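Below: one structure, written as C-alpha cells.
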Amino acid sequence: TDYFARKRLIWQDKNKYNTPKYRLVVRFTNKDIVCQIIYACMDGDRVLCSAYSHELPHYGVKVGLSNYSAAYCTGLLLARRVLLKLKLDSLYEGQKEVNGEEFLVENVAGQRGAFKCFLDVGLRRTSTGANVFGALKGAVDGGLNIPHSASRFPGNDSESGEYNAEVHRARILGQHVAEYMRSLKEESEDTYKRQFASYLKNGVSEDTIEAMYTKAHAAIRKDPAQPKHEKKEVKKQRYNKKRLNRKERRERVRQKKALYLSQLQKELAVVGE
C-alpha cells in the first residue's frame, strides 16, 4: 500500500462530516483483475461494490482475462453494477458507443448528482497505456464521475500533447492482440497455435475478437447485476461424541446402574445354584 497516496485519497473535508470518500481500487493478479468501490472508516475499509474479470466469461469474454480490453470490461461492469445498486443506472448511462474519445460525466440538473470516486492504483506504475487506465476508462464510460485526463491513455503523444482516440479505441476492442496474432501466424504457424490455443479452442480469431468485446459491452449494460449463487446443502459430519445435557447425563447413569444391577443379580443367581 502506498500510504502517502492513501492518506490523501481517504482525507475528507471536515464540513462534509461523515460523508464517505469513495475510491475506485484496481488491482491485478496473474490471471485476474479486481475492481472495487471502497470507502474508509475508523475501523477499516468497507467495500460498496466489486467486479472481477473472472466474471467476464458470463458475458462472452472467455479468454484474455488480464489484458487492457478485459480491464475496460471489468471497469464497465463495476460502474454499471454500482449505479444499478444506487438506482442511478437509468439517469447516468455513460458513453454507450466505444470510440475512445475523452468523456466526463456531468451532473443532471435537478436530479441526484453523479457518483464520484477517485482512482486508487496502489503500487502499480502509472506509465502511459498501462492496463489500470483501461479499468478507469471503462468505469468512466459506464457512468462514474472520476477526475482524470487523457494524458496517460493509449494514443496520447507526450511530445506534442495530442490525443488519438482511434488508437485508444483499437486497444479497448483488442486490436493490439489481433495484430500480434496476425504477425505470429505469418512467422510460425506452430507457435501461433501453441500460444493462442485457448483462443482457438473457444472459436476466437484475429477477425472476431472485436465483435466479441462489442457484444460483451452490450451484455454488461443489459444485465450488470451480480449473479446469485445457489446455496449448497452441506451435510455436517461429526467425528466426536455429541455433548450431553444434564437430563441425558442422568439417564445415562441410570441405564448404567440398571445394567450393573441386572448383571449382579445374574451372578448371584449362578452362585446360589
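Anything in the range 216-228 that is without any contact (Cβ under 8 Å) to a residue 40 or more places away in the chain, assigned to a helix (DSSP H, G or I) and either among the hydrophobic types (A, V, I, L, M, F, W, C) or over 19 Å from LEU88 (Cβ atoms) (or both)? List them, or say none.
ALA218
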So which of LEU136, LEU77 is farther than 16 Å from MET212 by Cα and open to solvent by less than 10 Å² (accessible area, probe 1.4 Å)? LEU136
Search the range 1-17 for residues that are among the hydroxyl-bearing types (Ser, Thr, Tyr) and pair each with any residue that is part of a loop (DSSP other than H, G, I, E, B) and surrounded by 10 or more Cβ atoms within 10 Å (Cβ to Cβ) when their beta-carbon atoms are under 8 Å apart and the residues are at least 6 apart or on different chains. THR1/GLY122
For the list (1) within 30 Å of ARG6 (Cα to Cα); (2) out of contact with any Pro (no Cβ under 9 Å at 6 or more places or on another chain); (3) at pLDDT 90 or above, I need the number of the one condition that MET181 fails. (1)
Checked LYS241, LYS247 against criteria (open to solvent by 100 Å² or more (accessible area, probe 1.4 Å) and not in a helix (DSSP H, G or I)); the one match is LYS241
Could you tell me whether the range 16-29 includes any residue that is part of a loop (DSSP other than H, G, I, E, B), open to solvent by 10 Å² or more (accessible area, probe 1.4 Å) and closer than 16 Å to PRO147 by Cα? yes
Among (1) basic (Lys, Arg); (2) assigned to a helix (DSSP H, G or I); (3) under 30 Å from LEU48 (Cα atoms), where does LYS231 come up short? (2)
All but one of (1) open to solvent by 30 Å² or more (accessible area, probe 1.4 Å); (2) under 30 Å from LYS62 (Cα atoms) hold for CYS41, so report the exception by its number. (2)
Quick check on the range 164-175: of everything there that is open to solvent by 60 Å² or more (accessible area, probe 1.4 Å) and out of contact with any Pro (no Cβ under 7 Å at 6 or more places or on another chain), which residue is farthest from CYS73 (Cα to Cα)? ASN164
TYR72 vs. criteria crowded, with 19+ Cβ neighbours inside 10 Å, outside any helix (DSSP H, G or I) and aromatic (Phe, Trp, Tyr): no
Condition check for LEU48: at negative phi, in contact (Cβ under 8 Å) with a residue 12 or more places away in the chain and over 16 Å from the mean Cα position of the chain (by Cα): no
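Report whether or not LEU119 is outside any loop (DSSP other than H, G, I, E, B) and closer than 22 Å to GLN12 by Cα.
Numbers: outside any loop (DSSP other than H, G, I, E, B): yes; closer than 22 Å to GLN12 by Cα: yes.
The answer is yes for LEU119.
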Please go through the range 180-205 and pick out each residue that is in a helix (DSSP H, G or I), in contact (Cβ under 8 Å) with a residue 24 or more places away in the chain and open to solvent by 70 Å² or more (accessible area, probe 1.4 Å). ARG182
Given (1) of a type outside the set (A, V, I, L, M, F, W, C); (2) surrounded by fewer than 16 Cβ atoms within 10 Å (Cβ to Cβ); (3) in a helix (DSSP H, G or I); (4) in contact (Cβ under 8 Å) with a residue 12 or more places away in the chain, number of the condition GLU55 does not satisfy: (2)
Does ARG124 count as of a type in the set (D, E, K, R), closer than 21 Å to THR29 by Cα, open to solvent by 40 Å² or more (accessible area, probe 1.4 Å) and assigned to a loop (DSSP other than H, G, I, E, B)? yes
On the basis of being assigned to a helix (DSSP H, G or I), under 19 Å from SER53 (Cβ atoms) and of a type in the set (Ser, Thr, Tyr), does TYR213 make the cut? yes
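The values are calculated or read from the model by the stated rules, or taken from the named source; none is laboratory data. Because the structure is predicted, anything quoted here is derived from the model rather than measured. When we count neighbours, we look across all protein chains shown, and the Cβ atoms used for this are built from the backbone with ideal geometry, even at glycine. Note: areas computed on protein heavy atoms with side chains; ligands, DNA, RNA excluded. Shrake-Rupley method; radii C 1.70, N 1.55, O 1.52, S 1.80 Å.
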